[in-house]
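The values are calculated or read from the model by the stated rules, or taken from the named source; none is laboratory data. Computed from a predicted model, the values in this text were never measured in an experiment. Cβ: placed from backbone, ideal geometry, glycine included. Neighbour counts: every protein chain shown.
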Amino acid sequence: MNVAVPGVPPLEWVNGQALAETPATGVLVVTAAAGADWTNDAFGGPQQHAASLLGFVPSGDFAFSGRARVLTERTTFDAAVLAIWGDSDHWAKLCFEYSPQGQAMVVSVVTNEYSDDCNSTVVSDDSVYLRVVRSGLGWAFHSSADGHNWVFVRVFRLAYDGPMRVGFLAQAPMGDQCVAEFKNITYSTNVPADFRNGS
């Protein structure tokens, strides 16, 4: 089944297929089954790529954002995610994730063969805005409480020359499922001139 979000390039499943629906215009809900996750363990453990991305093929520079919320009871490491996928060794994700300490927070993971996992802002609300930006060969992640003033998370490059997919993902590494909701979704070919000034 094709899932469309107004203003976003055509979406297709990558790395398998999960459950997605659009209960209202501009709202996307993605459900992850138990064990769905992406991780390339930096300590050499087995890779995990059971989660599926509902994504598009970007063209040129762009900014892609949305308000992320988890609708199900929170479990450790569950998350609503905006993600980038090249292949199983080259990907990145920006997560609204639940920590082992019981805190909702922004977490980013960048994978060039092995995953570089970094915790960012603790989120006191039940949702947070996430943004993925591509500028030239580089990428940037940001988060925001209101969708206007953006907090810098990280910049990075993926060592991958093939086509990328960018889009929505839900993960439930430790729980029975994770239902992730995305609202206020925007896609623009205008990118910030400065990644660190809040724009």
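Miscellaneous remarks
- Per-region count, the range 158-171, residues of a type in the set (Lys, Arg) and more than 14 Å from the chain's Cα centre (by Cα): 0
- The range 158-196 - residue that is of a type in the set (Ser, Thr, Tyr) and in a strand (DSSP E or B) and, of those, surrounded by the most Cβ atoms within 10 Å (Cβ to Cβ): TYR187
- Scanning the range 1-52 for residues that are at pLDDT below 95 and touching a His at 6+ places or on another chain (Cβ under 9 Å) yields ASN15, GLY16.
- Qualifying residues in the range 7-16 (those that are over 12 Å from PHE168 (Cα atoms), touching a residue at least 60 places away in the same chain (Cβ under 8 Å) and not small (Gly, Ala, Ser)) - the one surrounded by the most Cβ atoms within 10 Å (Cβ to Cβ): ASN15
- Condition check for SER124: surrounded by fewer than 16 Cβ atoms within 10 Å (Cβ to Cβ), farther than 18 Å from PHE64 by Cβ and not aliphatic (A, V, I, L, M): yes
- Taken over the range 108-157, the criterion of being closer than 21 Å to TYR187 by Cβ, within 15 Å of the chain's Cα centre (by Cα) and either of a type in the set (Ser, Thr, Tyr) or not in a strand (DSSP E or B) (or both) is satisfied by SER108, SER127, TYR129, SER143, SER144.
- Residue list for the range 17-37, restricted to those being of a type in the set (S, T, N, Q) and either in contact (Cβ under 8 Å) with a residue 40 or more places away in the chain or over 23 Å from GLN48 (Cα atoms) (or both): THR22, THR25, THR31
- Of all the listed residues (LEU19, LEU94, LEU71, LEU53), the sole one being farther than 27 Å from ASP194 by Cα and surrounded by 21 or more Cβ atoms within 10 Å (Cβ to Cβ) is LEU53.
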